[in-house]
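Okay, structure first, notes after.
The values are calculated or read from the model by the stated rules, or taken from the named source; none is laboratory data. The shown structure was predicted, so the numbers you read here are calculated from the model rather than taken from an experiment. Cβ placement follows ideal geometry from the backbone for every residue including glycine, while neighbour counts extend to all protein chains displayed. The area values use the complete protein model at the heavy-atom level, side chains included, leaving out ligands, DNA and RNA. Shrake-Rupley method; radii C 1.70, N 1.55, O 1.52, S 1.80 Å.
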Amino acid sequence: MIPSDNETWIIDTGDDVIQKRAEQGRDALTTCERLIHCVWVADYSMRNAGDLLTASDLYAPFREEAAQLAGELGLARTRAAFSLPVEELERAYFDAFDDVCAELQACLRT
């Protein structure tokens, strides 16, 4: 399968955020970048394992932190998706993915 533009975007942008975090520390990340990290963790897990178990291994608070940060940023669709229980998020993830990416891209532009 050929990755969609949003799949490529989250991989590339997530990599940039991870690199910044490694070089400058977590405190150097903006709220939007911290949220991108959480979404990247979920995306990596869903695309590689088909569930969110790996996400919990990579960054345990990814779901709760994503919901909280999305709420702070006023990203309603992202907050709604990451507020779901894990099993429901796993089922809804790919349907919500493009809307989540659209909100994150808008967040970066502001």
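The table for this structure:
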| item | result |
| --- | --- |
| Computed over the chain, Kirkwood Rh from alpha-carbon pairs, angstrom | 13.7 Å |
| Ile11, Ile18, reordered so the largest accessible area comes first (probe 1.4 Å) | Ile11, Ile18 |
| Among Met46, Ala96, Thr31 - extreme Cα towards positive end, dipole of the chain, charges at beta-carbon | Thr31 |
| Axial C-alpha extent at least 15 Å, average Kyte-Doolittle at least 0.0 - helices from the chain (DSSP) | 31-49 |
| Extension reserve of the Arg109-Arg21 stretch, reckoned as 0.36 nm per residue once the Cα distance is removed | 29.7 nm |
| Shape category assigned to the range 1-61 from the gyration tensor of Cα positions, a/c cut at 1.5 | oblate |
| Accessible area of the chain divided out per residue, in Å², using a probe of 1.4 angstrom | 55 Å² |
| Unpartnered cysteines - no second Cys beta carbon under 4.7 Å - across the chain | Cys38, Cys101 |
| For the chain: relative contact order, % (alpha-carbon pairs under 8 angstrom, 6 or more apart) | 22 percent |
| Total charge dipole magnitude, the chain, about the Cα centre, Cβ charges on Lys, Arg, Asp, Glu only, Debye to nearest 20 | 240 debye |
| Accessible-area ranking of Val39, Val86, largest first, probe 1.4 Å | Val86, Val39 |
